[in-house]
1. For the chain, with every protein chain kept in place, what is the accessible area per residue (1.4 Å probe, Å²)?
2. Counting Lys +1, Arg +1, Asp -1, Glu -1, what net charge surrounds Gly16 among other residues with beta carbon under 12 Å of its beta carbon?
3. Could you pull the Cα extents of region 1-64 along its three principal axes, largest to smallest, in whole Å?
4. Would you mind telling me the share, in percent, of accessible area of the chain contributed by carbon and sulfur at probe 1.4 angstrom?
5. Say R0 is 30 Å: what FRET efficiency, to the nearest 0.05, do Ala85 and Gln3 get from their beta-carbon distance?
6. Answer rounded, prolate or oblate for the chain, using the Cα gyration tensor with square roots of eigenvalues a ≥ b ≥ c: rounded when a/c is under 1.5, else prolate when a/b is larger than b/c, else oblate.
7. Given Ala75, Gly42, Ser122, which one lies farthest toward the positive end of the charge dipole of region 5-122, if we put +1 on the Cβ of every Lys and Arg and -1 on the Cβ of every Asp and Glu?
8. Name the GluC sites (Glu not before Pro) in region 15-122 that are in a loop by DSSP and that have at most 12 other C-beta atoms within 10 Å, would you?
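The values are calculated or read from the model by the stated rules, or taken from the named source; none is laboratory data. Worth saying up front: this structure is predicted, and the values here are computed from it rather than measured. FYI the Cβ positions are ideal-geometry reconstructions off the backbone, even for glycines, and counts take in every protein chain you see. Side chains included, ligands, DNA and RNA excluded: accessible areas come from the protein's heavy atoms. Shrake-Rupley method; radii C 1.70, N 1.55, O 1.52, S 1.80 Å.
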Amino acid sequence: QVQLVESGGGLVQAGGSLRVSCAASGRTFSNYAMGWFRQAPGKEREFVAAMRWSGGNTYYADSVKGRFTISRDNAKNTVYLQMNALKPEDTAVYYCVAGSMVVLTARRWDYWGQGTQVTVSS
């Protein structure tokens, strides 16, 4: 069993920064792909960023590339999404995901956290 718990969401002004966290537990994650999706009200889930737990290549949506950074802390079994230069359109519930491989389609990921709200004011 894999459990993912997000935290760190909140309200931030446009241009500001925020870091959301995902604490993973239940199984070893060394061979997992980890990522972040987001969902704004009334919209589909959108891929944000992903990486393998073991490190290596990272992947970003064009809309966040250069502003967001995905990383992990192996000792804490935690993945992070550092969000800089935030825009109002970044407002969404951010979900941590885990699966066997990095994919851009939400339904292909096996495990999901409960989400954490990020609101960017103008």
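1. 52
2. +2
3. 36, 24, 23
4. Roughly 45 percent, rounded to a whole number.
5. 0.45
6. Prolate, because a/c is 1.5 or more and a/b exceeds b/c.
7. Ala75
8. Details: sites: Glu44, Glu46, Glu89; in loops: Glu44.
Sites meeting the loop and neighbour criteria: Glu44.
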